[in-house]
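**Student:** My questions all concern the structure below.
Bear in mind these aren't lab numbers, they're just calculated from the coordinates by the rules spelled out. Since this is a predicted model, take the numbers as computed values, not measurements. No Cβ is skipped: glycine too gets one built from the backbone with ideal geometry, and neighbour counts run over all protein chains shown.
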Amino acid sequence: MTTIAFIGLGNMGGGMAANLAKAGHDVRAFDLSADALERARAAGCLPAASAAAAVADAELVVSMLPAGAHVEAVYADAVFAAATPGALLIDCSTIDVATARRVAEAAAMKGLLAVDAPVSGGIAAANAATLTFMVGGSDQGFARAEPVLSAMGNVVIHAGDNGAGQAAKICNNMILGATMAATCEAFLLAEKLGLDAQKFYDIASVSSGQSWSMTRYCPVPGVGPETPADRNYDGGFATALMLKDMKLAMAAAVATEAQAPVCARATELYQAQADAGHSARDFSSIIQLLRA
């Protein structure tokens, strides 16, 4: 059993913390939301009064926070001061590469070991412990992190040095955002051409047009496995979060002078959906924007 501090119990973090407790770890959980803390308690975690209180005496710290600014603030204000020397810090948030590297460098100066380990799979995978983890850090950091990450996911891959996990996540979600936009466009064109949506799915899902957006996360209700489209695009991966990830990809493309015209256009679509007041709806809801 490992004593683990878990900071950030939102849609993803709540399920992840619960799975660590289910695996037999001593999980000290903290979130600003009282409701999230109560759900963590019900799942077998011990709620903490603050991030620092959660981190005190923990052998390992896991964070799942909205953005890089939150990660830097929580680590600077609470984690670094309260952490036990030699503790391993695992940040599962999706943030920019530069921030991930700064946090790792600051941790090293405090005698702490840090890895970045963003995830793929969504809320269902977080709850079912079937996430994919992309880990950036030293061989030592990865070796220590892997057993704990395996309690929350079924794929744990060492991507490289600190920041490499974030680089992999940014590029992965760049593909996801663009393919979802293309999948939505294709279903709408099929509709205008008089092609039944289910028939199109049956063909495209086993042909060269298949993708995760088609076969696992179809944006059309009543087609394929159940997705947020079947719940009026409630839940799932919010448009605001996809927009954040696409902006991270665009910022990285600008910084490295990489060409990303498809990503740029897809980012505009998610921005338009957010501007229309649909930030909280699943990102596949852009099919409604395109239909309108």
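**Student:** Let me check I have the definition right: for the range 32-85, take the eigenvalues of the Cα gyration tensor, multiply each by 5, take square roots. What are those semi-axes in whole Å, largest first?
**Tutor:** Semi-axes, largest first: 19, 15, 9 Å.
**Student:** Computed over the Cα atoms, what is the radius of gyration of the range 117-225 divided by 2.2 N^0.38 Å, N being its residue count?
**Tutor:** After normalising by residue count via 2.2 N^0.38 Å, the value is 1.32.
**Student:** Compare 228, 147, 47 in a GNM of the chain, Cα atoms joined below 10 Å, and give the one with the largest fluctuation.
**Tutor:** 147
**Student:** Let me ask something else. Computed FRET efficiency, Cβ-Cβ of residue 230 and residue 146, R0 25 Å: what is it to the nearest 0.05?
**Tutor:** E(calc), rounded to 0.05, equals 0.10.
**Student:** Here's a follow-up. I need the calculated FRET efficiency for the pair residue 205 and residue 77, taking r as the beta carbon distance and R₀ as 35 Å, to the nearest 0.05.
**Tutor:** Once rounded, the FRET efficiency stands at 0.15.
**Student:** Sticking with this one: Over all alpha-carbon pairs in the range 1-107, figure out the percentage whose distance exceeds 21 Å. It would help to have the intermediate numbers written out before the result.
**Tutor:** Working: 1493 of 5671 pairs.
Result for the distance tail: 26 percent.
**Student:** Give me the percent of DSSP beta bridges within the chain that run antiparallel, rounded to the nearest 5.
**Tutor:** Counting DSSP beta bridges with both partners in the chain, the antiparallel share is about 15 percent.
**Student:** With +1 on each Lys and Arg Cβ and -1 on each Asp and Glu Cβ, how big is the dipole of the range 151-285 about its Cα centre, in debye rounded to the nearest 20?
**Tutor:** 100
**Student:** For the range 99-176, rounded, prolate or oblate, judged on the Cα gyration tensor with a ≥ b ≥ c (square roots of eigenvalues), a/c < 1.5 rounded, else prolate if a/b > b/c?
**Tutor:** Because a/c hits 1.5 or more and a/b fails to exceed b/c, the range 99-176 counts as oblate.
**Student:** With the chain treated as a Gaussian network of Cα nodes joined by springs under 10 Å, which of 29, 54, 252 yields the largest mean-square fluctuation?
**Tutor:** 252
**Student:** For residue 105 and residue 130, compute 0.36 nm times the residue count separating them, minus their Cα-Cα distance, and round to one decimal in nm. Don't skip to the end; give the middle numbers.
**Tutor:** Working: separation 25, 0.36 × 25 = 9.00 nm, distance 2.99 nm.
Full extension from residue 105 to residue 130 adds 6.0 nm.
**Student:** Report, in debye and to the nearest 20, how large the dipole of the chain comes out about its Cα centre when Lys and Arg carry +1 and Asp and Glu carry -1 on their Cβ. Walk me through the intermediate numbers first.
**Tutor:** On the way: 18 positive and 27 negative charges, 41 e Å.
Its charge dipole is roughly 200 debye.
**Student:** In whole Å, what is the distance between the alpha-carbon centres of the range 249-292 and the range 108-143?
**Tutor:** Spelled out, the Cα-based centre of one part sits 26 Å from the other.
**Student:** Once fully extended, how much extra length lies between residue 33 and residue 154, figured as 0.36 nm per residue of separation less the alpha-carbon to alpha-carbon distance?
**Tutor:** 40.7 nm
**Student:** Report the FRET efficiency, 1/(1 + (r/R0)^6), for residue 189 and residue 216, where r is their Cβ-Cβ distance and R0 is 30 Å, rounded to 0.05. Working shown, then result.
**Tutor:** Numbers: r = 21 Å, r/R0 = 0.70.
The value I calculate is 0.90.
**Student:** For the range 193-292, what D do you get in µm² per second when you plug the Kirkwood radius from alpha-carbon pairs into Stokes-Einstein at 10 °C and 1.306 mPa s?
**Tutor:** Rounded, D is 109 µm²/s.
**Student:** Can you tell me the orientation of helix 261-273 relative to the chain, as the angle in degrees between its alpha-carbon axis and the longest Cα principal axis, to the nearest 10?
**Tutor:** 90
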